[in-house]
Structures are given as structure tokens and as C-alpha cells.
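What follows is a short report on a single structure.
The values are calculated or read from the model by the stated rules, or taken from the named source; none is laboratory data. Computed from a predicted structure; not experimentally measured. Here Cβ is always computed from backbone atoms with ideal geometry, including for glycine, and neighbour counts include all displayed protein chains. Quick note on the areas: whole protein, heavy atoms, side chains included, nothing else; ligands and nucleic acids left out. Shrake-Rupley method; radii C 1.70, N 1.55, O 1.52, S 1.80 Å.
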Amino acid sequence: MKSVFALGVGLLSLAAALPATLSASKPPSVNGTRFTIDGETRYFAGTNSYWIGFLTNNKDVDSVLSNIASSGLKVLRVWGFNDVTRKPGSGTVWYQLVSSSGSQINTGADGLQRLDYVVQSAEKRGIKLIVNFVNYWNDYGGIAAYVSAFGGTKESWFANDKAQAQYRKYIAAVVGRYASSPAIFAWELANEPRCKGCSTDVIFKWASDTSAYIRSLDPAHMITLGDEGFGLPGGTSYPYGTSEGVDFVKNLGVKDLDFGVFHMYPGSWSVPNSFGPGWVKDHAAACKKAGKPCVLEEYGVTSDQCNVEKTWQQASRAADGMAGDMFWQWGDKLSSGQSPNDGNTIYYGSSTATCLITDNVKAINSMYLV
Ligand SMILES: *[C@@H]1O[C@H](CO)[C@@H](O)[C@H](O)[C@H]1NC(C)=O
């Protein structure tokens, strides 16, 4: 409660310092196949930082968000989860202990108060956040943490009553904490949910039920799924198929999902880098048909990043149906050294950042010159 109150006070002083249009701004919303953010309807560039909510140094959080804002990036996707099955030692941030003998949501200084600080700092800088609630992958707990507590498999998780009840408790805690923050862009059900070998009805039903639940908690903010965008017409290679239990086009039809997202890692999917522009265009076409915006929410390669990724950005800016692109992932200098690098990281101030951040933002701005 204390931190929520502190957030409110921060908002009041922020409102006083800003022009009336911005302080009175409505939450980001869909407008055709674009978004309206703080009164402006346009394509946006953004990025990802899974780790920012796990930092323990406020100055690091502020400096990263300042650098993101001054680079012209508008939307940042962060991990809104950090699940453990055992409490870690002090100094390690965790958000939720998942346990059959009593789960616990950590609202302490080494818990959601770290995410509170990211939200407050984003508010001050006009950055909008996509916050998601669980990982398909085992990093930071994920579905596997729930499976270890409540049984079943990663595939049965989507319909496991006990697991879903705890997942909803966690969602309610996070949504309740930030629903009144102007920094929220959208809530996201999961990072890259898959249900290998399952009927696509499994994820469709779970996404329908969960998004309706989130809407009942917070009717004001947008909601999206967080998937990789598998399962759509336009190609015959692995990502176009539904073997991971995901049907992108079907999921676009979920009433309470406001926009579609997709990811792109040709290297991990055994397709050539030249696969990129077509993957973008095919999603854009599906989104246009559904009347919802599409966001290229994660994309990366581990070599020749500038030359490869700029063709993806071009395709995204040009395609009717695309509303934004967000590279994976932001890199920066922290008090502890360089932020994590999984090979895809683009470090602030590097020549790759000039190519894929500065030049992309310039190209976007030139779309709106009158
Ligand atoms: C929606 O977008 C159109 C075209 O850019 C713009 O004229 C209109 O003002 C926008 N509507 C809202 C509510 O922002």
C-alpha cells in the first residue's frame, strides 16, 4: 500500500510540471491499425529490457530509461514476472514464490517495489511499458515454476485450475498496482506461450479467458498475448505452421486482445535472414484483415545486425497493418558493468545503435513531416 501511495504522490507532482494535454492524457489506445499514445497517432519504435525490473540500483534504472527516452524510443517491454519455487538469499529480486503449500507475492523491497521504481521512472520520462505476467521459458521461473508447484506439464498448465488460480492472483496483484499509472501501454499474458503438439484451441481458450479476466480488472488498458506469431498463411516453413499450438490468425479474433504481436529470430527458427520482410508483411496483412494493429515486438540476429535488421525495420514501417517495432534487446552501461548480452543486444551509443535506433527513429519521424 505504501508504495502505491508514493506512486500517487509522484503523479500529482508530475501532472503539475507537464502541459495540460499530456497530464490529462488517456491511456494508449488502438486507432485503426495504429496506436494513439499521449494524443499522437503514429508508428512507434521501442525495445525490450527483461532485466530492468530486477536491478537493485535506482540510478541504473533512471539512466537506462533516460537513454531510451532520449533515443526516441516510446515503448519498453519488461518482465512483469520473476517466479521462484524457493526464496532466494537476500539481494536477489523475486516477485512471486509459487508453492503448493502457499504461494506468496513479494511486495517487499526485493520484490515488486523494484518494478514500482521502473514504472515511476518511466512515468517521468514518458516511456510506455508492456508488462507481462509469466514466461513460457524457464528463465525467472516461468510456467515450469507453476508446474513444479501444482503438477502437470507445460502443456497442461493452460487448463490446470490450481496453476491458473495462482496465475490470476498474480495478475490481479500487478494490474492492481499499476492500473492507474500513465506509464502502462498494455498488459501481456505471457512471454512466447507455446503448447507443443496441442490443438490451437488450448491457447485460444486460455487467451480468451485470461484476457477477459484482465479486462474485468482494468477496462482502460490494452491487452495482448505475447506470442511469437506462429501459425498464419503465407509460407510453409516451421514458423508458419501450428506445431507449437499457436494460431496467430485465430488468436487475433480474441475479443479482449487489442493488438497482435510477433517475434522474429531466423537463426533460432532455421530460416534464412531474408525470411524477415515476408514474415513482417504476412503478419501485417493478417492484422489489417482483423482490424487490429500488429507490433514486431522482438527481433534479433547475432551478426551483421545493422544490415540485416534494417531491412526488417523498413518492411515494418512500410507495411499497412504494422504499428511499431521493438528490437531485442536494449544494452547499456550499468553500475555493475555492461547489461546482459545474449548476442542480440544493441548497446546504447554503439554504431549498431546509430544504425538500428537513431536511423529508424529518423525514418519514422520523416513519415510524419508535413
Ligand atoms: C485516429 O487517427 C486519425 C488518423 O491519424 C486521426 O485523425 C484521429 O484524430 C485519431 N483519433 C484519435 C481518437 O486519436
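Averaging 1/r over every pair of different alpha carbons in the range 300-370 and inverting the result gives a Kirkwood radius of 13.1 Å.
Each Lys or Arg adds one and each Asp or Glu subtracts one; over the other residues with Cβ under 12 Å from the Cβ of GLN164, this totals +2. Once the mean of 1/r is taken over each pair of separate Cα atoms and inverted, the range 85-150 shows a Kirkwood hydrodynamic radius of 13.2 Å. Dipole size of the chain about its Cα centre, with +1 on Lys/Arg Cβ and -1 on Asp/Glu Cβ: approximately 600 debye, rounded to the nearest 20. By the Cα gyration tensor, the range 97-227 has an equivalent ellipsoid whose semi-axes, rounded to whole angstrom, run 25, 18, 13 from largest to smallest.
Counting charges near SER268 (Lys, Arg +1; Asp, Glu -1) among other residues having Cβ under 14 Å from its Cβ returns a value of -4.
Exposure check, 1.4 Å probe, all protein chains in place: HIS221 carries approximately 10 Å² of accessible surface. In this structure the amide hydrogen of GLY229, modeled in the peptide plane, comes within under 5 Å of the amide hydrogens of HIS263, none closer than 5 places in sequence on its chain.
Taking amide H as placed 1.01 Å from N in the peptide plane, GLY349 has no amide H partner under 5 Å among residues 5 or more places away or on another chain. Considering only alpha-carbon pairs that sit under 8 angstrom and 6 or more positions apart, the relative contact order computed for the range 26-366 is 18 percent. Out of the DSSP beta bridges found with both residues in the range 26-366, what percent are antiparallel (nearest 5)? Percentage antiparallel, nearest 5: 25. With all protein chains kept in place, the per residue accessible area of the range 26-366 amounts to 36 square angstrom at a probe of 1.4 angstrom.
LYS87 exposes around 120 Å² of accessible area when a 1.4 Å probe is run over every protein chain in place. The overall shape of the range 26-366 is rounded: from the C-alpha gyration tensor, with semi-axes ordered a ≥ b ≥ c, the ratio a/c is less than 1.5.
On the range 26-366, 50 percent of the accessible area sits on carbon and sulfur atoms, based on a 1.4 Å probe.
Bridgeable lysines around LYS74 (alpha carbons under 21 Å apart, same-chain partners fewer than 8 residues away excluded): LYS26, LYS59, LYS124, LYS128, LYS292, LYS310, LYS333, LYS362. Less than 5 angstrom separates the built amide H of GLY108 from those of GLN113, all sequence-distant by 5 or more or on a different chain.
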